[in-house]
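This report concerns only the one structure given below.
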Amino acid sequence: MERTRLGNYWRPATLEAALRILVEQAPRLLAGGTDVYPALTQAAAWGAAPAPALLDLTGIAALRGVTRTGGTWRIGALTPWAVLRDAPPAPGFRALAEAAAQVGGRQIQARGTIGGNLCNASPAADGVPPLLILDAAVELASPRGLRVLPLREFLPGARRTARAADEIVTAILVPVAAAEAPSVFLKLGARAHLVISIAMVAASANGRVAVGACSEVARLWEEGLAPIDDVRASAAYRRAAAEELVARARARLAA
Amino acid sequence: MIRLTVNGAPRALDLPGGTRLSAALRETLGLTGTKIGCDAGDCGACTVLIDGAQACACLTPLGQCEGARVETVEGLAATPEGRALIARFHAAGAAQCGICTPGMLVAATELLRANPAPSEAEVEAALGGVLCRCTGYRRIIEAVRGAGPAAEPGAVGARLPRLDGAAKLDGSARFGADLAPADALWLKAVRSPHAHARFVLPDIPAFLAAHPGIRAVLTARDVPGRNGYGIYPHIKDQPVFAEGEALYRGDAVAALVGAREAVERAELPVAWTPLPARHDPEAALGGPPLHAAFPDNVLAEGLVRRGDPEAAFAAAAHVAEGAFRTSFVEHAYIEPEAGFARRIGERIEIWCATQAPAMDREEVAGVLGLPLEAVRIIPSHCGGGFGGKLDAGMQPMLAVAAWVLDHPVRAVWSRPESMAASTKRHPARIAARAACDAEGRLLALDFEGLYDTGAYASWGPTVAGRVPVHATGPYRVPHVRARARAVFTHQPPSGAFRGFGVPQAAVAQEALYDRLADACGMDRLEFRILNALTPGDVTATGQRLAHSVGQRECLEALRPRWAALRAEAARRNAAGGPWRHGVGVAGMWYGIGNTGMSNPSEMRLILGADGRLSFRNGAVDIGQGSATVLAQIVAEALGLPVVAIAQIHGDTALTPDAGKTSASRQTFVSGRAALAAALDLRAKLNGALGWDGARVTVNGEPYAGPGLEGHGRFDPPTVPLDAEGQGTPYATYGFAAQLCALAVDVRLGTVRLERFVAAHDVGRAINPTLVEGQIHGGIAQGIGLALMEEYIPGRTENLHDYLIPSFGDVPPIECILIESPEPLGPYGAKGVGEPALVATAPAILSAIRDATGAQIAHLPALPHRVLEALGHGR
Ligand SMILES: Cc1cc2nc3c(=O)[nH]c(=O)nc-3n(C[C@H](O)[C@H](O)[C@H](O)COP(=O)(O)OP(=O)(O)OC[C@H]3O[C@@H](n4cnc5c(N)ncnc54)[C@H](O)[C@@H]3O)c2cc1C
Ligand code: FES
Ligand code: FES
């Protein structure tokens, strides 16, 4: 182990510099590294250790933290889980905070970022359902300018995003109104800590409910599920469990 | 240049920014206290503090540490706060093998700085990112909270902190990956990605020419001796490098050796032709054969027959039968295989993590074609074994490389590689039937076990032999037919894993006994008490048990807790809701040492002319504590404090063969040999012995006589089994009974464990803290077997997808130590390493059935399987 001695590495302090390097060098983007490094380890196990050039975004202070401007909450893409866990800015962010408290252990929560979670686009990404019920949108920057995509458009499928090669995710935007009602998050896994979700549910008192790990990308409850059989659970089980979790999440909100 | 402070000292590192912090700390700064168990964020062994916050050093690019304050275990150990925490870990036995310990200490430090008096839940949340495979976490929680057992001075019977503990706690202990000559070349194995494939290697000179940093591509042709190794002298079937055909995903076909960077970046273009693979032992039965010597793919068969089972079944009042299935279980020691080899003239030396240095020595000698004397194995600290480091997975390959190149060579398996290549617990398919009379007396057992032994023999014959002997469980069953077969498939080799197949069998036997108890309207615990083996009883192999049969005492000791926990479960069930509460019970017995064959241990104790005592102890301590226990025995016998005993450990050049650390045998067999060595030495000395802090004293005077040696040897008396499985397979047995209280969420199928009560007859607890540590760790592994662990090649090849119990999965454990002395054992002691695990999974399944009526027949009981079983339940 200790395999990866990476060569090219940049850690610029500004978004402009980062975008320039991205266009010139086409490196892999790096935030908390909690998905990037495990992927390198897995790849090295069955072949040549990859040595991608890395563009580390963590030096860009402007991409970190939660702020409010007018009617919009802005979560910097580089905001780590620990911040979302400890300081939900409005009642509607409670589901995200509860999700953050169950992502990996403290180590992962301290460094893993919400932007990385979305860009990694795992079907089991715990950040997605809490943001779906917040009607979140993703802000992307490129030398061509900024664009904003609804979260669902940003995530077209498992392990796929709508990000173009020259784009960096800069923030997640949430309408203030959508975050007023309190929300909850329920996660189901096969052990107590460090567990990938078999199914998870985020629900808001405003009636919105989203379910993750039961389809390629998390979905709103009314869209229906498309679960698969895998090592963690059968499809039939996921369907039944999701239904039960949704009922429990609603009950918790009502209590 | 990246500037940071490490443990308070400013450092400037000229490394690429993407370098993992773990690599920078270990390789550039030499701070090997930070361990690497996965390089993927899953195990937390690499946890350090960055600006006071926990981080996985393996996931943190050095570039992100610019200007940061990094603290590692070495730094903490130098502070008063760190030393206080370390002292608590030490006393509580919170470090066993020690590989997770630095991460635990670091994580706990972050917590304690913010919260000096954390609750149990707060400890679990704060340390939840670090996995431990040895301790079951409870003692770690206690140590962090300052609530663990206190240390006691003394010898036999004392809660002496482990003697090798200090080094494990301050980060100075050297594990397999922590030491190597600076100029060592790196070795990377090339492995089959297919379960079964023909392959053609590329043009090697051309490959070498294109890869300047690579010194050699080693293949079967380079093996100077026999290209095969394996546990049994007559079945050396696992090739160092496969020849033309790979038999499982992970089978090694070649190795690249050279400069590290070059080796890691290269991929040998092997041409694979996948072939049909048999993944199922039932399908593999009858061939076509994986190995010509085993035409029907049956590697080994164990059979025990006694009485007339068919007649007994016909006459029985109640019969229960069932089919059960378990999965591959990975040892998941947090330390992956690691070590180095170097050639010294016509000799070879290997430093590695191992459970069996003497066997490694034989394997290496065979593979190199050298006499035994030319091979030296120096065991490193071993970061967990559990049976998985009994097979010489890495050693032959390292030896060949160092020999052929005449240069030191090192290797560290990655986590996915360790998981793919190493042995596993045998998946079992069991069909069994049991019968009792109307009063609940057991009459008959019919047991048929098919054990998937994977692609190579490894310990398959041992498993096939051990299972039928234990199939009745620790009960009187007069009529028995029990058979186990180990069958080759294109799966990873199944080997030795805590219990050698017995835990799988116990799942079946205990489930049937629960049903028989219900059928005759008896309490499940009382049913077991009625049938428990007692002194004078005859086992299914015809062995009359004379002494140290504490099964009944173990079960009886559970009575008060059984009644209380059942009442509590009933009370909580009355309240309704999705959680159904239940209590389960299971018994187990376990033969200590090898089955019906010689397995001696030898110990030497040398008193030098300088008055110093040197204990030549070849028994490797893999975290279970034999170094401490054996010293306690020697100290007791000599009447000296343990500090008087300097140990030389494991090194095959300096210690006699103590046999392997397996079969729960080191306390019993090596302990008895150590006692004999001590008594031998004592007999050569006249007068009262003492210790003046530096030398042994005789009648108060420093010893100044000639060098003396005490020698001890013990080989437990056994009689090999005959064709009907009759004989005396073991000189003594460990006995135990465990209770489990839990709750099942009947709408989600999840299981919440609430408590274990474990009563174990250990003969004599030489060190209660260490015994309890084995019980805790065994229960944790039993929980994994029962509820979550399922290794699937290619799919759960990392600690992300392969789940082992984490903090929060192991509930409080109450240990009750029963001491029914074994006359053959040292001070009456037997063994506990494997017995700790055997009863756990059956007790869990018993409790699930009690709570819900669901009989789980397919392990692990993942939520979807529990829900499915509930559908067919009551
Ligand atoms: C032990 C462990 C447990 C985990 N548990 C969970 C869990 O319970 N739930 C869960 O959802 N996840 C879990 N994860 C996965 C991971 O921690 C999260 O997905 C995390 O949020 C990823 O963030 P990161 O900043 O570390 O991403 P990185 O690893 O740095 O990057 C992830 C991906 O996103 C890209 N990327 C990152 N930032 C940007 C950006 N701003 N713009 C464009 N592309 C970007 C990277 O190129 C990469 O492809 C776990 C991981 C580990 C190691
Ligand atoms: S080595 Fe870093 S988490 Fe396992
Ligand atoms: S002591 Fe924790 S892994 Fe061994």
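The values are calculated or read from the model by the stated rules, or taken from the named source; none is laboratory data. Remember, it's a predicted structure, so these values are computed and weren't measured experimentally. Here Cβ is always computed from backbone atoms with ideal geometry, including for glycine, and neighbour counts include all displayed protein chains. Areas reflect the complete protein model, heavy atoms only, side chains present, ligands, DNA and RNA absent. Shrake-Rupley method; radii C 1.70, N 1.55, O 1.52, S 1.80 Å.
So here's what we get for this one:
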item: Breaking point among (1) surrounded by fewer than 24 Cβ atoms within 10 Å (Cβ to Cβ); (2) assigned by TED's automatic domain parsing to the domain that holds B:Gly587; (3) not basic (Lys, Arg), for B:Leu787; result: (1)
item: Enumeration of residues in the stretch B:763-790 that are within 14 Å of chain A (Cβ to nearest Cβ) and within 16 Å of B:Ile334 (Cβ to Cβ); result: B:Ala780, B:Gln781, B:Gly784, B:Glu789
item: Filtered residues of the stretch A:11-47 (kept if open to solvent by 30 Å² or more (accessible area, probe 1.4 Å), in a loop (DSSP other than H, G, I, E, B) and more than 10 Å from ligand 1 (Cβ to nearest atom)); result: A:Arg11, A:Ala13, A:Thr14, A:Ala26, A:Trp46
item: Selected residue (only one of B:Pro706, B:Pro811, B:Pro720, B:Pro702 is open to solvent by less than 40 Å² (accessible area, probe 1.4 Å) and either within 14 Å of chain A (Cβ to nearest Cβ) or touching a residue at least 60 places away in the same chain (Cβ under 8 Å) (or both)); result: B:Pro811
item: Selected residue (only one of A:Leu131, A:Leu140 is part of a strand (DSSP E or B) and away from ligand 3 (no atom under 16 Å from the Cβ)); result: A:Leu140
item: Residue count for the stretch B:646-663, restricted to those that are of a type in the set (A, V, I, L, M, F, W, C) and open to solvent by 20 Å² or more (accessible area, probe 1.4 Å); result: 4
item: Residues of the stretch B:82-111 that turn out to be of a type in the set (D, E, K, R) and within 12 Å of B:Val144 (Cα to Cα), as a count; result: 2
item: Residues that are away from ligand 1 (no atom under 16 Å from the Cβ) and in contact (Cβ under 8 Å) with a residue 24 or more places away in the chain, drawn from the stretch A:180-207; result: A:Glu180, A:Ala181, A:Pro182, A:Ser183, A:Val184, A:Ala203, A:Ser204, A:Ala205, A:Asn206
item: Restricting the stretch B:62-86 to residues that are in contact with a strand residue (DSSP E or B) (Cβ under 6 Å, 6 or more places away or on another chain) and surrounded by 24 or more Cβ atoms within 10 Å (Cβ to Cβ), the residue that is nearest to the other protein chains (Cβ to nearest Cβ); result: B:Leu62
item: Which listed residue is open to solvent by less than 10 Å² (accessible area, probe 1.4 Å), in a loop (DSSP other than H, G, I, E, B) and not aliphatic (A, V, I, L, M), from B:Gly440, B:Gly449; result: B:Gly440
item: Hits in the stretch A:210-255 (condition: of a type outside the set (D, E, K, R), in contact (Cβ under 8 Å) with a residue 24 or more places away in the chain, more than 14 Å from every other protein chain (Cβ to nearest Cβ) and surrounded by fewer than 24 Cβ atoms within 10 Å (Cβ to Cβ)); result: A:Ser215, A:Val217, A:Leu220, A:Trp221, A:Leu253
item: Any hit, the stretch B:133-150, residues being assigned to a loop (DSSP other than H, G, I, E, B), away from ligand 2 (no atom under 16 Å from the Cβ) and hydrophobic (A, V, I, L, M, F, W, C); result: yes
item: Extreme residue, nearest to the chain's Cα centre (by Cα), among residues of the stretch B:668-686 that are open to solvent by 30 Å² or more (accessible area, probe 1.4 Å) and farther than 13 Å from B:Arg713 by Cα; result: B:Arg682
item: Every pair of residues 6+ apart whose Cβ atoms lie under 6 Å, when the first sits in the stretch A:19-45 and is within 16 Å of ligand 2 (Cβ to nearest atom) while the second is among the β-branched types (Val, Ile, Thr); result: A:Gly32/A:Thr113; A:Thr34/A:Ile108; A:Leu40/A:Thr4
item: Count of the stretch B:91-105 residues which are touching a Ser or Thr at 6+ places or on another chain (Cβ under 7 Å) and within 16 Å of ligand 1 (Cβ to nearest atom); result: 1
item: Positions within the stretch B:729-752 being surrounded by fewer than 24 Cβ atoms within 10 Å (Cβ to Cβ), not in a loop (DSSP other than H, G, I, E, B) and not β-branched (Val, Ile, Thr), in sequence order; result: B:Ala743, B:Asp745, B:Arg752
item: Residues (within 8 Å of chain A (Cβ to nearest Cβ), within 17 Å of B:Arg26 (Cβ to Cβ) and not hydroxyl-bearing (Ser, Thr, Tyr)) located in the stretch B:51-61; result: B:Ala55, B:Cys56, B:Cys58, B:Leu59, B:Pro61
item: Residue that is farthest from B:Arg162 (Cα to Cα) [pool: residues in the stretch B:607-628 that are of a type in the set (A, V, I, L, M, F, W, C) and open to solvent by less than 10 Å² (accessible area, probe 1.4 Å)]; result: B:Leu607
item: Sole exception among (1) within 16 Å of ligand 3 (Cβ to nearest atom); (2) among the β-branched types (Val, Ile, Thr); (3) surrounded by fewer than 20 Cβ atoms within 10 Å (Cβ to Cβ) for B:Ile792, by number; result: (1)
item: Every pair of residues 6+ apart whose Cβ atoms lie under 6 Å, when the first sits in the stretch B:37-54 and is over 14 Å from B:Leu105 (Cα atoms) while the second is outside any loop (DSSP other than H, G, I, E, B) and more than 8 Å from ligand 1 (Cβ to nearest atom); result: B:Cys38/B:Arg415; B:Asp39/A:Thr41; B:Asp39/B:Cys58; B:Ala40/A:Thr41; B:Ile50/B:Val70; B:Asp51/B:Arg69
item: Residue check for B:Ala24: more than 7 Å from chain A (Cβ to nearest Cβ) and surrounded by 24 or more Cβ atoms within 10 Å (Cβ to Cβ); result: yes
item: Close pairs (6 angstrom Cβ cut-off, 6 or more residues apart or separate chains): touching a residue at least 24 places away in the same chain (Cβ under 8 Å) and open to solvent by 30 Å² or more (accessible area, probe 1.4 Å) in the stretch B:358-374, outside any helix (DSSP H, G or I) and β-branched (Val, Ile, Thr) anywhere; result: B:Arg361/B:Val375; B:Arg361/B:Ile377; B:Arg361/B:Thr652
item: Residue that is of a type outside the set (Phe, Trp, Tyr), within 16 Å of ligand 2 (Cβ to nearest atom) and surrounded by fewer than 20 Cβ atoms within 10 Å (Cβ to Cβ), where the choices are B:His858, B:His800; result: B:His800
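Rundown of residues vs (1) part of a helix (DSSP H, G or I); (2) surrounded by fewer than 24 Cβ atoms within 10 Å (Cβ to Cβ); (3) at pLDDT 95 or above, yes/no style:
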| site | (1), (2), (3) |
| --- | --- |
| B:Gly499 | no, no, yes |
| B:Ala506 | yes, no, yes |
| B:Met522 | no, yes, yes |
| B:Leu530 | yes, yes, yes |
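To keep it simple, each residue is scored yes or no on (1) at positive phi; (2) open to solvent by less than 10 Å² (accessible area, probe 1.4 Å); (3) in contact with a helix residue (DSSP H, G or I) (Cβ under 9 Å, 6 or more places away or on another chain); (4) more than 14 Å from chain B (Cβ to nearest Cβ).
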{"residue": "A:Ala100", "(1), (2), (3), (4)": "no, yes, yes, no"}
{"residue": "A:Arg106", "(1), (2), (3), (4)": "no, no, yes, no"}
{"residue": "A:Pro123", "(1), (2), (3), (4)": "no, no, no, no"}
{"residue": "A:Ala137", "(1), (2), (3), (4)": "no, no, yes, yes"}
{"residue": "A:Arg147", "(1), (2), (3), (4)": "no, no, no, yes"}
{"residue": "A:Arg152", "(1), (2), (3), (4)": "no, no, yes, yes"}
{"residue": "A:Ile168", "(1), (2), (3), (4)": "no, yes, yes, yes"}
{"residue": "A:Ala192", "(1), (2), (3), (4)": "no, no, yes, no"}
